[in-house]
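Every number in this text was worked out from the coordinates using simple rules, so none of it is lab data. Since we're looking at a predicted model, the values are computed, not measured. Cβ coordinates were reconstructed from backbone atoms using ideal geometry, including for glycine residues, and neighbour counts include every protein chain displayed.
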Amino acid sequence: MSIKAFIAGGGTGGHFYPAVAIAQKLKEQGYTVYYFGTKNGIEGRKRFPADRVFLYDIKGVRGKSILGKVISISKLLKTSLEIRKIIKKENPRFIITFGGYASLPLGLSAVLSGKDLYIHEQNSIPSYTNLLLAKFAKKVFITFPFSKKYFPEKKTVLTGFPLRREIIDDKKLNKKEARNILKIHPETKTVLVFGGSQGAKKLTDTALETAEYMKDVQFLIITGKHSDDSKERSNVKTYQYYERIGVLYAASDIVVSRSGAGSVSEILFYEKPAIFVPYPYAVSDHQFYNVKWLEKEDYIEIIRDADLNSKILAEKIQKMLKKNVQENIKKYSIIDTAEKILKEINNGRL
């Protein structure tokens, strides 16, 4: 009989993709994986590598009217009771959640069932879900040192952000190979610009304007759905979405990005100098704090969204392209987060 593990994490890519990475590792080790999420999140559109997938019609509570909050809470509690029945029937060895409202029903069900619960916090400032579940979790895994102060010291472990297998695998590409895949000039300095999994209109528009007077630099821009620009530019390639973002990282010299936990972790893993423009409306300004701990390093720059314009971006890009700082970045490149997390879980069960 195979060993079962239950996973939850979704709603947005920031919660979904680290859950995918852990599921991939568990499958490699022979586990049967059950995944729990919401029909209303990214998991409703993307395939999760699990043996069984359960998606529920649940939504978050934040920002809703009093009636909306009552409805959302009642659905979350009802879903928790439904999942508790599945836990009782299937008897998973452990449960791990990755924050956000999509994780709450499975987390509560684990507590109600007396099952070992582990949580992972991606961002510098924790979600309400993880602050609640941390009180009951056996261990709390965190991505950034900044998060330590929010959780009980004795059960908090700095592991980094779990990266999907395909992102790890594409790091083997050298710059020439990656640029050949993308059909771009093999020698020209290259800047990758993106605003997270959904793109970012202001960042996209500023990068396009910057490219107009940086003709000696080629730009790779993930626009998401936020740009209707159709102007042909000889030094720009745009993509609404690119499945193998590791190829784009490998091809680039520097990266300009929002600072979601996944993006920051991937950029550090690929050892790329970066210009971060934190999303100004992130809850508790967590995107700023995701990179604040790096601000004294010479391989990153932070531009506040309100200060972003093409002149400033061009200056920062030119400054960054002159630096040779890859060796300095390596000390923050965590390549075995999934292994660390599973080792901590297994050690805790001995």
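What value, in deg cm²/dmol to 500, does the helix sum -39500 (n - 2.57) over DSSP H runs of n ≥ 4 give at 222 nm once divided by the residues of the chain?
-11000 deg cm²/dmol
Counting other C-beta atoms within 10 Å, which of H120, H286 has the fewest, and how do the rest follow?
Numbers: H120 29, H286 23.
Listing H120, H286 from fewest to most nearby Cβ atoms yields H286, H120.
Can you give the direction-averaged projected area of the convex hull of the alpha-carbon atoms in the range 67-134, in nm²?
Details: hull surface 18.4 nm².
The directionally averaged projection comes out at 4.6 nm².
Which of Y56, I254, A23 sits farthest toward the positive end of the charge dipole of the chain, with +1 on the Cβ of Lys and Arg and -1 on the Cβ of Asp and Glu?
The residue sitting most towards the positive pole is Y56.
Sorted from fewest to most neighbouring beta carbons within 10 Å, what does the list H185, H15 look like? Numbers along the way, then the final one.
Values: H185 11, H15 29.
Ranking H185, H15 by Cβ neighbours within 10 Å, fewest first, gives H185, H15.
Taking only the alpha-carbon positions of the chain and ignoring solvent, what does the Debye formula give for the base-10 log of I(q)/I(0) at q = 0.12, 0.14 Å⁻¹?
-0.87, -1.13
For helix 66-90, what angle does its Cα long axis make with the longest principal axis of the chain, in degrees from 0 to 90 and rounded to 10?
Between helix and principal axis, roughly 70 degrees.
With unit charges on the beta carbons (Lys and Arg positive, Asp and Glu negative) and the dipole taken about the Cα centre of the chain, which residue among I317, L182, T97 sits farthest to the positive side?
T97
Tell me, F146, F219, F161 in order of fewest to most beta-carbon neighbours within 10 Å? Working shown, then result.
On the way: F146 17, F219 22, F161 28.
Lowest count first: F146, F219, F161.
If the limit is 32 Å between Cα atoms, which of K138/K225; K171/K296; K78/K139; K85/K292 go over it? Let's see the in-between values first.
Values: K138/K225 40 Å; K171/K296 26 Å; K78/K139 26 Å; K85/K292 43 Å.
Result: K138/K225; K85/K292 exceed 32 Å.
Any idea what angle helix 13-28 forms with the longest principal axis of the chain, computed on alpha-carbon atoms, 0 to 90 degrees, nearest 10?
70 degrees
Which residues make up the longest stretch of the chain that has no GluC sites (Glu not before Pro) in a DSSP loop with at most 14 other Cβ atoms within 10 Å?
Working: sites that count: E187, E232, E243, E295.
After excluding every exposed loop site, the longest remaining stretch is 1-186.
Round to the nearest 10 and give me the degree value, 0 to 90, for the angle of helix 337-348's Cα axis relative to the longest principal axis of the chain.
20 degrees
I need to check one value: relative contact order of the range 166-332, counting alpha carbon pairs closer than 8 Å and at least 6 residues apart, in percent. Walk me through the numbers before you get to the answer.
Details: 290 pairs, mean separation 37.5, N = 167.
Reported relative contact order: 22 percent.
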